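Notes follow once the structure below has been shown.
The values are calculated or read from the model by the stated rules, or taken from the named source; none is laboratory data. Since this is a predicted model, take the numbers as computed values, not measurements. Ligands, DNA and RNA are stripped out before the accessible areas are found, and what is left, the full protein with its side chains, is counted by its heavy atoms. Shrake-Rupley method; radii C 1.70, N 1.55, O 1.52, S 1.80 Å.
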Amino acid sequence: MGNAKSFLKTVESNPELQNQLNAVDWDTQKVVGIAAHAGFSFNAGELQTAIDDLWGNLSEADLRKVQGAGGPSNPLGKDANGTDPRGKDNN
């Protein structure tokens, strides 16, 4: 599982890897293959355990939003100006 965690930490700071993983919708087998190509070796079970340990129980939609912070982007639903485009106050 250590390799899977290392890979996910690398993904957090690597927009190119993020794009590759998003392009395959975080399909587990494809993620394992992309990781192997990047020099990381782990299986699908180890990947899921690492995701749960690092980021909690995320849905596939949340995984597609993973960005530099290592979790779902824009969790408060606010736009770049800090306002909620839905007209709601999320403070």
Problem set entry | Residues located in region 39-61, provided they are modelled with pLDDT under 95 and outside any helix (DSSP H, G or I) | GLY56, ASN57, LEU58, SER59
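I'd like the full set of residues that are of a type in the set (Val, Ile, Thr) and either farther than 17 Å from TRP55 by Cα or open to solvent by 40 Å² or more (accessible area, probe 1.4 Å) (or both), limited to region 1-43.
At the first step, the residues of region 1-43 found to be of a type in the set (Val, Ile, Thr) are 10-11, 24, 28, 31-32, 34.
THR10, VAL24, THR28, VAL32, ILE34, listed by residue number.
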